[in-house]
1. Check off (1) at pLDDT 90 or above; (2) in contact with a helix residue (DSSP H, G or I) (Cβ under 7 Å, 6 or more places away or on another chain); (3) not acidic (Asp, Glu) for ASN17 and give me the number that stays unchecked.
2. Go over the candidates ALA91, ALA103 one by one and state the one that is surrounded by 13 or more Cβ atoms within 10 Å (Cβ to Cβ) and either out of contact with any Gly (no Cβ under 8 Å at 6 or more places or on another chain) or touching a residue at least 60 places away in the same chain (Cβ under 8 Å) (or both).
3. Would region 5-21 turn up any residue that is in a helix (DSSP H, G or I), in contact (Cβ under 8 Å) with a residue 40 or more places away in the chain and not aromatic (Phe, Trp, Tyr)?
4. Before we move on, is LEU133 surrounded by 11 or more Cβ atoms within 10 Å (Cβ to Cβ) and modelled with pLDDT of 90 or more?
5. For THR20, only one of the following conditions fails: (1) surrounded by 14 or more Cβ atoms within 10 Å (Cβ to Cβ); (2) under 23 Å from THR7 (Cβ atoms). What is its number?
6. Based on what the data block shows, is GLY45 more than 15 Å from the chain's Cα centre (by Cα), of a type outside the set (S, T, N, Q) and loosely packed, with under 11 Cβ neighbours inside 10 Å?
7. Among the numbered conditions (1) within 17 Å of the chain's Cα centre (by Cα); (2) exposed (fewer than 11 other Cβ atoms within 10 Å of the Cβ), tell me where ILE81 comes up short.
8. Take the conditions basic (Lys, Arg) and more than 16 Å from GLU137 (Cα to Cα) and apply them to ARG38. Does it pass?
Amino acid sequence: MATRQHTFTEKMQRAMNRYTNGLLTAAEFMKFLVELAREVSADRGRAKKLGLSEDELAFYDALAADPSVVEEMKDSLLAKIAHELYEQIRADVTVDWKVKEQARDKIMARVLRLLRKYGYPPSKRQDAIDRVLKQAEELAEGLA
């Protein structure tokens, strides 16, 4: 379960390794960079369409990772949850939060309350919480 940031980073690292090892030509590497830029641009477009920041979009993607959830809930509701999640987590995250069990539990409880509040499917909640916490770790590292 990779976060958005890790997905882009891993793609870039793999391409750089292939180029360094002579498995990609300079032209193929440039083509990859153009495609990656298009993907990033498309994500920015999705964020704008949903009325979210790029960080909020990462939480939206964590919530919408399960196609059955997307079918059951509206994009606008998932976007609203993602916005509230981001605001709450950003306020609670500290540099060392992931090593302090109490702080992590507090964030997990807030995520669960929000999912319940907006009717996120109960059978899908734990997976969503796990993805959101992973994304929160990425956010914490970015704020450090």
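The values are calculated or read from the model by the stated rules, or taken from the named source; none is laboratory data. This structure is a prediction, so every number in the text was calculated from the model and none was measured. Every residue, glycine as well, gets a Cβ built from its backbone with ideal geometry; the counts of neighbours run over all protein chains shown.
1. Status for ASN17: all satisfied but (2).
2. Values: ALA91 fails: surrounded by 13 or more Cβ atoms within 10 Å (Cβ to Cβ).
The match here is ALA103.
3. Residues of region 5-21 that are in a helix (DSSP H, G or I), as a first pass: 5-20.
Adding the requirement that they be in contact (Cβ under 8 Å) with a residue 40 or more places away in the chain leaves 5-6.
Among the residues that remain, those that are also not aromatic (Phe, Trp, Tyr) are: 5-6.
Yes, region 5-21 contains a residue that is in a helix (DSSP H, G or I), in contact (Cβ under 8 Å) with a residue 40 or more places away in the chain and not aromatic (Phe, Trp, Tyr).
4. Numbers: surrounded by 11 or more Cβ atoms within 10 Å (Cβ to Cβ): yes; modelled with pLDDT of 90 or more: no.
Answer is no for this residue.
5. So the condition that THR20 fails would be (1).
6. Values: more than 15 Å from the chain's Cα centre (by Cα): yes; of a type outside the set (S, T, N, Q): yes; loosely packed, with under 11 Cβ neighbours inside 10 Å: yes.
Against the criterion (more than 15 Å from the chain's Cα centre (by Cα), of a type outside the set (S, T, N, Q) and loosely packed, with under 11 Cβ neighbours inside 10 Å), GLY45 qualifies.
7. ILE81 satisfies every listed condition except (2).
8. Numbers: basic (Lys, Arg): yes; more than 16 Å from GLU137 (Cα to Cα): yes.
Answer is yes for this residue.
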